[in-house]
Amino acid sequence: NAGVTQTPKFRILKIGQSMTLQCTQDMNHNYMYWYRQDPGMGLKLIYYSVGAGITDKGEVPNGYNVSRSTTEDFPLRLELAAPSQTSVYFCASSLQGATNEKLFFGSGTQLSVL
Amino acid sequence: AQSVSQHNHHVILSEAASLELGCNYSYGGTVNLFWYVQYPGQHLQLLLKYFSGDPLVKGIKGFEAEFIKSKFSFNLRKPSVQWSDTAEYFCAVTSPRGSARQLTFGSGTQLTVLP
């Protein structure tokens with residue numbers, strides 16, 4: 001049972017480049033989330049999904065896009081990378097929702113935009 | 001909007017010392033409360049949670065937390081820390097704004113336990 005798998009673990013982008021952060025879970029969870037963590041700050045919710053085909057914005061969605069074509073996958077897309085997007089990104093999932101039960105987190109992606 | 005404050009950014013203790021990490025939140029309505037922990041090189045994982053009932057909750061590895069509604073607090077405690085408790089600890093509280101499925105996280109407290 002792999003849980004939540006994120007790739008890549010590290011990435012350096014140039015300003016204006018695009019990339020996709022991959023997230024896969026094998027627990028058949030309905031809810032999936034993308035958070036970012038900046039130094040000295042808490043985790044901020046970027047986007048979340050309550051099931052395949054359904055996504056919604058979180059607290060800091062600007063500059064990002066998501067899709068949820070399957071229950072397992074929830075990729076995060078950065079279209080035009082900016083230095084402000086330098087952060088650690090965490091994907092997470094849960095069966096019933098983050099407020100009702102625990103979240104399962106991936107190992108994180110360290111992204112630097114230079 | 002909900003806000004969560006963890007006033008201690010970095011705590012350094014010797015083994016066997018007692019631990020208390022503060023967590024305060026702003027929204028006064030019904031909330032669910034969580035402590036998550038990230039050990040070095042590992043994923044964030046749930047330490048304990050409070051939804052209702054006894055305000056003193058016990059979690060894994062000897063940790064406990066007390067919910068004090070009048071103080072909007074959910075402090076994490078452990079009577080005697082070990083070197084293996086070195087980690088970053090995050091308090092999280094349900095947000096009343098928008099979807100009920102959102103959590104608001106504190107900025108985290110880095111705990112270093114010296115052997």
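Ordering B:Leu33, B:Ile12, B:Leu76 by the projection of their Cα atoms onto the charge dipole of the stretch B:1-93, which places +1 on the Cβ of Lys and Arg and -1 on the Cβ of Asp and Glu, puts B:Leu33 at the extreme positive end.
Under 20 Å from a label point set 7 Å out along the Cα-to-Cβ vector of B:Glu20, the amide N atoms of the stretch B:72-89 belong to B:72-82, B:89. The stretch between B:Lys71 and B:Asp54 holds 4.5 nm of extra length on full extension. This uses 0.36 nm per residue minus the Cα-Cα distance. Within a straight-line Cα-Cα reach of under 22 Å, A:Lys57 can be paired with the following lysines, leaving aside sequence neighbours fewer than 8 residues apart in one chain: A:Lys44, A:Lys102. Normalising the average separation of contacting C-alpha pairs (under 8 angstrom, six or more residues apart) by the number of residues puts the relative contact order of chain A at 36 percent.
In plain terms, the chain from A:Val88 to A:Ser112 could stretch by 7.8 nm, reckoned as 0.36 nm per residue minus the Cα-Cα distance. Between B:Gln42 and B:Lys61, the distance separating the two model label sites (each 7 Å from Cα on the Cα→Cβ line) works out to 0.5 nm.
In this calculation the C-beta distance from B:Ile12 to A:Asn65 is compared with R0 = 41 Å, giving a FRET efficiency of 0.50.
Read-outs: derived from the displayed coordinates by stated rules, not from any lab. Predicted, not measured: the structure shown is a model, and the values here were computed from it. No Cβ is skipped: glycine too gets one built from the backbone with ideal geometry, and neighbour counts run over all protein chains shown.
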